Every structure is written in structure tokens, then in C-alpha cells.
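A short worksheet on the structure shown next.
Every read-out reported here was derived from the displayed coordinates using simple, explicitly stated rules and does not represent laboratory data. Everything numeric here is computed off the predicted structure, so don't read it as measured data. Note: ideal-geometry Cβ built from the backbone for every residue, glycine included; neighbour counts use all protein chains shown.
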Amino acid sequence: MEQGSAQPAAHHHAPPQGFIRNYVFSLDHKVIGLQYYGLALVAVVTGMVLSWFMRIHLAWGAAAIPLLDKLSPNGAPGGVITPEYYLSLMTMHGTIMVFFVLTNAPFAGFGNYFLPIQIGAEDMAFPRFNMMSFWTTLVAFLVLIAAFFVADGPPLSGWTAYAPLSAVGKDSGPGEGLGQSLWGISIALFCIGQLLGSLNFIATTLDLRTKGMTLARMPLSTWAWFITACIGLLAFAVLFPACILLILDRIAGTSFFVPAGLVVSDKLQPHSGGSPLLWQHLFWFFGHPEVYIAILPAMGIISHILPTFTRKPLLGGMRVLTACMIAIGFLSYMVWGHHMFLSGMNPFSALLFSVPTLFITIPATIATLVWLSSIYGANIRFTTPALFCLGFISVFISGGISGFFLAQPSIDTYLHATYFVVAHFHFVMGVAAIFAIFAGTYFWGPKMWGRMMNETLGKWHFWLTFIGVYGIFMPMHYLGLAGNVRRYSAFTDDFLVPLIPVHKFITYSALITGAAQLIFLYNLIWSRFKGPKAADNPWEATSLEWDTTSPPPFDNFGGRHLTVYHGPYEYNVEGSQGDYVMQTSSEAAVEKS
Amino acid sequence: MGKFFAVVLTIITVISAYFVIAHTWWMPVDVSVHGPGVDHQLEETMLGSGILFVLSQLVLAAFVFMFGDSKGARKMKKFPGGATPLVIAAIVLVGIEVLTLSFVGSKVWASIYFTPPDPNSLAVDVQAEQFAFYFRYAGPDGKFGELHPDKIDDGSGNYFGLDPANDVAARDDIVVGSLTIPVNKPILLTLHAKDVGHSFYVRELRIQQDFVPGLVIPIHFTATQTGRFELVCTQLCGLGHYNMKAYVEVVSQDQFDQWLKTQSQ
């Protein structure tokens, strides 16, 4: 068993013995990456099932959902969802999806597994921190799930947990008792895990690159994980104290977010001096960068996979996309107020937040143009990961374009808090990132478990998902334009009743698209055990993860110390005879080939 | 496979765009003075970004259609001109687009928020609570009574926390459950939240504004048409959020005067 050194040298010996050290409390970044991925998988299935319950309830309010009354006899008596339980399902869906899926899978999961390998390192800089970060995250997840089983039910204040609804405790309604406190504790723990992880990613990228792996030769996925870690270090460092303050307001009688003179449930609250807007500022100072914590790794993964299947380098080489991602990361800290245009903050500040928000569309447009132009003149190999890359570009465009509307406070006065917003963030942050996770899974799966995934099933999965997500989220734009308010458990207003058929269509789409994910799960499990053995480099790719066995040995390269001579995407390069040049291939080898 | 992708994506794009162009689901007719600015800004943005959406999806479809794997039969091509013109074009074109939207949009925003309310506005206080709106008119004396949160008592109908026993101005304040206003008259609302955050959303008035506990938020507008419009809450406020609503009755000045008189009696 390893001794507790956090030095990179600590990995220069044989793999650990014993099941616990190998698979449970493992220090190996690959196992930790898979643990994060596994956690994200459990979380995404949970979150998706919750969304099914919500969609069924929205389309058929009186529908009895089997087994739901077993899970929550109070929240769903006889299987029929109560208004408060609907909000709880929504809160838990959002929290699970944003934190435990969109942050865990593309960043912590794939990043842990592949960042060290892509830079030729044997492990992360701090393996023990790495193990701690996963186990803290797992505890955070369990604490959140525990909220389902407390007496007054899970929290219902949304994933944004706006104060004072989230801060004054039971008086503000069901779900705001212990459940909301567990939410705060869970997210605070999650922040600790992410802070440890981010530190680790940054130190690893800066210190552990192998010989010849200059920053400019790092794959774009590694760049994305590195930039994301920098964003995460700042963002979670703000959300963590915010959650602590929220918990203190709830259990210690402080008043950070609760002003004087509030009468909740006929009781004058014993608070004074706090500000609900302070919570919004702290939350969104984290919350907006969080969007990029989800989407930047996705952009990196897509940029990494796309050239492998177009068989040509990205336009502009490494520099353009790297610059775009850095610009997006930088701007992400100047725009949080666009969530608060109508919050009662000074209306002049709305303009200050609007302009940088609109400017984010410039690097995002450039990235999209780079992907599009890289398809021009290519020889696309239509594998499943390639299809998910192309699908990603489409949904990224669809989701990004609605940002033009919401970035403008004058239009936000109409569209704020409608389904237009739901459509926007689900497309650009949810679906786009999920497509990148799928692309990453089909692409790297063979490397991670040494077996190929089934292409036929993969393609069926792609087509059903691609058409399905448009069926779910495109109509939500129309609902938003008609003024359909989000976070309603039923549509009783005169103007909302005629929109219910659209909701039914969305529910059908969601059920079908969700069911299509069973194909993916089956493929994942089947290929893990029964898939054909994967070669070391089945996709004819160039980066270092394809320069080792599938799956890689404990120290990643079997004791070899790689030297890097090339950039990561040398496909179809002039002067070389072959179709591609591995990063480690020496100059002489190129000429010979 | 590439051709199939192109066809599917084109169909998705055409259907998506159709419902927007056909206005199958769209904003209701505006009934406010500032509303046409909001509508115009939204329509301009829809035009620009709609073209961008259709164009980029179709370019993606076309490229995927054209550049499938030829197994070596077709030579690879580079994108003409390389990255530099593309990057410059994106910066210039999108830059112009977003600056235009910012400048024009700022004017619309300013027309709502930066202009002071008309001094002759009709002032109405709004109290939002789980899960109802209440409206207070100053009554014949033209003065609002002071608010005392400790006196709030929904059971006896004291939603605002008035103290008529000691406060003369409060005695004739009119408190009602729907907002009745005269047409073409500037209205100044003052938003108070009793318990948690709420929001004031009337689609036809193109107004949405949060109620924030601890803050008193003014908002002003002028309605241009008579009618009955739904006011709904758009800030998550608890289990009855979906059902938190009131009506805005826009009536003629005469009807309003009559209504006010009835209420004062």
C-alpha cells in the first residue's frame, strides 16, 4: 500500500494490492475518474426519472404515478404529485443535474481519467487530494438524496435556493425544513470536493507535463479542463461560504440574507439586517461561471474528438480555440448580474451586465465557426462519437442563439422566468454538455475498459436522442414567447390553459427520449463485459492516451517516459505520407512513414 | 449517414423556424406605452438571430452532406482563406450586432426604468405574499398610512400592516385584491414583499419586476387599452406559486372614478 506522499514520485512503484485500495479508496486517477463517471451515471438516471415525473404531472395533473406514493406518501398521495412535491422534484432535478452530472462527468470524470494521460503524467499531482475530492463529492450526493427521506420532504426553493424562501426555515412551507438544510450541507461539501479537484487539475497541468509537452501541444480537452479548473477554483470558493452563511441563517439565527419585518405564515420573523439580493449576488457569481464549468470541458472534448473523425486539423490550429475558451472563462466572471435584471438591483447595472454577456457570443461564435469550417473539405468518418460531435454543434448553436434575447434586459422583462429560459439553458448547458459526455463515452470508452462499444446501438441512440431533444426543448421557446411561466406545478391561468397540448407533446418527447437512453445504458454495460477487444488506437488518433494499452496500465505508460514532438491534431499534414502523426512520433519516423 | 444527418437537421430547422414565422405561439397584443419598444426589440433580435440560426444549421447540414468519408476518392480541402478572415469577420459582424442590440435595447430599458414617473401618476401600493397580491389606494385624503409589519394580520384583512387607530392617513386607505386602473393614465406601483420573493408579471403590459423582501421597488407604466389582464407571480415563492394571481382591470377614467367612490364608502 502506498505511503502518504503527495509527490508525483509517489507513483513510481507497483500497483496497490487489494480490492479496497484498487477500486474503493483508490489513489489512481483513472479509477477516480471512473468513480466520478459512475456517480454521474447514477445521478443522471435519478435526475432524468425526476424529470419524467414532472413532465407527466405537467401534462396530466391528476395522473397517478406508480411507486411514487411508496417513495413519498406525503408528497404524492396515491401517486398523484402535490404542488409542493412538484417543486421538490424540480429542485432536486436541477441540483442533481447541474452539480452531480454536468460538473461531475465532463470535468471531474473525463478530466481525472484523461488529463494526466494526455500530458504524459503517471498520475495527478496530489493523488490523496484526488481521492478525498471524490469521496467528499459522494458524501455530498448522499446527503442530497437523504433529503428525499426526511419528514417534511425535499427542499422546494429551486436549484438557486433564493433567500428568504430558503433561509427562514419551516415557516415558509413544506420542504423548507431539514430538507433545505441538507441541500445547503450537500452543496457546501460539493464545493470542497471541487476546490480540491480544481487545485489538483491546475497543479498537474502546470507541473507534470512530460518532456516536449509544451502548453501549445496540450490537447484542447486538457486546455479546457485546465481553464475550467481555474474557473472552478474561484467560483466554488464563493459558493462555499455562501452556503455556510445560508446554513447559519437557517440554524444559528443569523440574518445574512433575511431582512427585518418579514411576516411568514403569520409569524414576524426574528431576523433583521440581511439582504436577499446578497444571496443572489453570491449565488450567481458562482452560478454563471458554473455554466461554463459545464460547457467548457464539453467544448474541449468536442474539439478533441472532431479532428479524429474529420481527419484534418481544426482551423486556426490550437491558438484560436484556446483563445476562445480563455476569453469565455474570463468573461464568465463579469456577467452574473444578467440573472438579476429584474431583481430590484439598480437598473443601471443591468446595462453593465448586458454588454459583456452579449460579448460572450463573439468567442462562442468563433468556436462554432472553427468547428464548422473544420468539417469543410473533410472526409468525415461517421462513427457514433463523430455523430455526437456534429449533434453537439447543432444544439450548441440552438442554445447559444437564444442567449441573444436573454442577454438584453429590455427583452428579459418579457421572457424572464418563462420557458424560454428553460429552453435556453437546457439546450446550451444541459443537452450540449450531455452530447459531449456521450461523444466522450463512445470515443474513450474503448480506452477506459478496453472494449469497443456497439456502433449500431450507438447510432440508434444518437438519432433518437438528437431528434428527441429538439422535440423536448424547441417547443419550450414557443411556450416562453407566449409567456408560459416556469416553475408552475399546474397551468390554471386563463392564458396558460391553451398551452397544455404543447406540454403534452413535450412530455411525449421526453418519455421517448428518456427511454432511448436505455439503449445507451445497455450498450455501456454490454460493451464493458462483452464488447470486442479494443486496439490501443482504434480511432487512429494522435494524442498520448492512444499511445498506451487499452486500458492503460497502473502508471499509464508501463514505465515508459514519453517525449512529445508534435501538436495534438496532426491529421493529413503536408509532408507526411500517412494520414496522421502521433504526438510522440519523432521527426525521422514521419519521413519514413 | 451524412446525407441522412443533413436531411434530418434541415427538417428540424425548417419546423423550428416555421412556428416562429407563423407566430403560432406568440406574445399577446401589447397594451402599454413602453411595450412597442420591447416588442420591436424582440422582433429585431428574432430576425437577426433567426437568420443566424437557420443559416448556421443549414451550413452544418450542407457541410456534413458534402464531406462524408470518400475512402480516399476525394482530396481533403482546407477552408478557403484560413482562420484569420473568419475570426475577423466574426468579431466585426457579431461585434456590430451586439453593440447595436446594446444601444437600441438600452433605450428601451431606459424608457422603462430611467425615466422618472409622471408627477400626476396614480400611486398604488402592492403587497405580495404567499400566495396573493393586495393593492392599496391612498383614499380621499391622497395620503398612504404608514406600514407596520408587526400589525400585519391576514385574518382581519390587515394585509399591509396599517394602524388606523393611531394613524389618520391609514383610515381611508383602500385595500383590494385586484388592480383597477384608468386607461391612459400613468401608474406608479410601489412593490412590497411580506414574506419571501415574488414577482409582478403582466404579459400584456410587458412588465415583470421582482418583489424583494426588505426592498421597496417602484415601477411605472401607462396602459393604453381597457380590458382585464392576468397578473401572475414569476418568482418561486412556495407550494402555491402556480396559483398566485390577480387581475388587472384597465377601465375608463369615469369608470375608475366611480369604482374608487364605491370603494371609499
Inset, instruction - With unit charges on the beta carbon (Lys/Arg positive, Asp/Glu negative), name the residue among A:Pro127, A:Met448, A:Met299 whose Cα is farthest towards the positive pole of the charge dipole of chain A. - result: A:Met448
Inset, instruction - Pop a pseudo-label 7 angstrom from the Cα along the beta-carbon direction at both A:Phe529 and B:Gln225 and give the gap in nm to one decimal. - result: 6.5 nm
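Using a 10 Å cut-off on Cβ atoms, rank the peptides A:515-524, A:180-189 from the highest mean neighbour count down.
Result, highest mean Cβ count within 10 Å first: A:180-189, A:515-524.
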Inset, instruction - May I ask you to list, by number, the DSSP H helices of chain A whose Cα span along the axis is at least 15 Å and whose average Kyte-Doolittle hydropathy reaches -1.0 or more? - result: A:29-59, A:83-95, A:127-146, A:178-207, A:220-251, A:276-310, A:317-331, A:347-375, A:384-401, A:432-449, A:455-481, A:500-530
Inset, instruction - Using a 10 Å cut-off on Cβ atoms, rank the peptides A:238-250, A:475-487 from the highest mean neighbour count down. - result: A:475-487, A:238-250
Inset, instruction - Give me the number: length gained by fully extending A:Leu71 to A:Lys504, i.e. 0.36 nm times residue separation minus the C-alpha to C-alpha distance, one decimal in nm. - result: 153.4 nm
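Projected area of segment A:275-531, taken from the Cα convex hull and averaged over every viewing direction, in nm²? Don't jump to the answer; show the numbers that get you there.
Details: hull surface 60.6 nm².
About 15.1 nm², averaged over all directions.
What is the dipole size for segment B:33-130, taken about its Cα centre, with +1 at each Lys and Arg Cβ and -1 at each Asp and Glu Cβ, in debye to the nearest 20?
Dipole about the Cα centre, nearest 20: 1200 debye.
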Legend entry - Order of A:Leu89, B:Leu47, B:Leu60 - criterion: other Cβ atoms within 10 Å of each residue's Cβ, fewest first: B:Leu47, B:Leu60, A:Leu89
Inset, instruction - Determine which residues of segment A:429-470 fall in the zone a paramagnetic label at A:Ile512 would reach in this model, i.e. backbone nitrogen under 12 Å from the point 7 Å along Cα→Cβ. - result: A:464-470
Inset, instruction - Would you mind giving the mean number of other chain beta-carbons within 10 Å of the Cβ of each residue in A:300-309, as a whole number? - result: 0
Legend entry - Residues of segment B:1-42 with amide N under 14 Å of a point placed 7 Å along Cα→Cβ from B:Leu58: B:7, B:9-18
Inset, instruction - Enter the Cα centre distance for the pair segment A:167-218 and segment A:292-350, rounded to the nearest angstrom. - result: 19 Å
Legend entry - At 1.306 mPa s and 10 °C, Stokes D of segment A:358-425 from Kirkwood alpha-carbon radius, µm² per second: 116 µm²/s
Inset, instruction - Note down, for segment A:312-442, the three equivalent ellipsoid semi-axes (square root of 5 times each alpha carbon gyration tensor eigenvalue), biggest first, whole angstrom. - result: 31, 17, 11
Inset, instruction - Report the residue, chosen from B:Lys245, B:Lys143, B:Lys194, that carries the largest GNM mean-square fluctuation when chain B is represented by alpha-carbon nodes joined by springs under 10 Å. - result: B:Lys143
Inset, instruction - Using per-residue counts of other Cβ atoms within 10 Å, averaged over each peptide, order A:17-29, A:196-208 from highest down. - result: A:196-208, A:17-29
Inset, instruction - Using only the Cα atoms, work out Rg/Rh for chain B, with Rh taken as the Kirkwood radius, to two decimals. - result: 1.17
Legend entry - Gyration tensor over alpha-carbon atoms, the protein assembly as shown, equivalent ellipsoid semi-axes in Å: 51, 30, 23
Legend entry - Average other protein chain Cβ within 10 Å of Cβ, residues B:199-211: 5
Legend entry - Pairwise FRET efficiency - B:Ala110 versus A:Leu248, Cβ, R0 = 41 Å, nearest 0.05: 0.55
Legend entry - Angle between chain B longest axis and helix B:2-21 axis [Cα atoms, degrees, rounded to 10]: 30 degrees
Inset, instruction - Mind checking B:66-76 for the average number of partner chain beta-carbons within 10 Å of each residue's beta-carbon? - result: 5
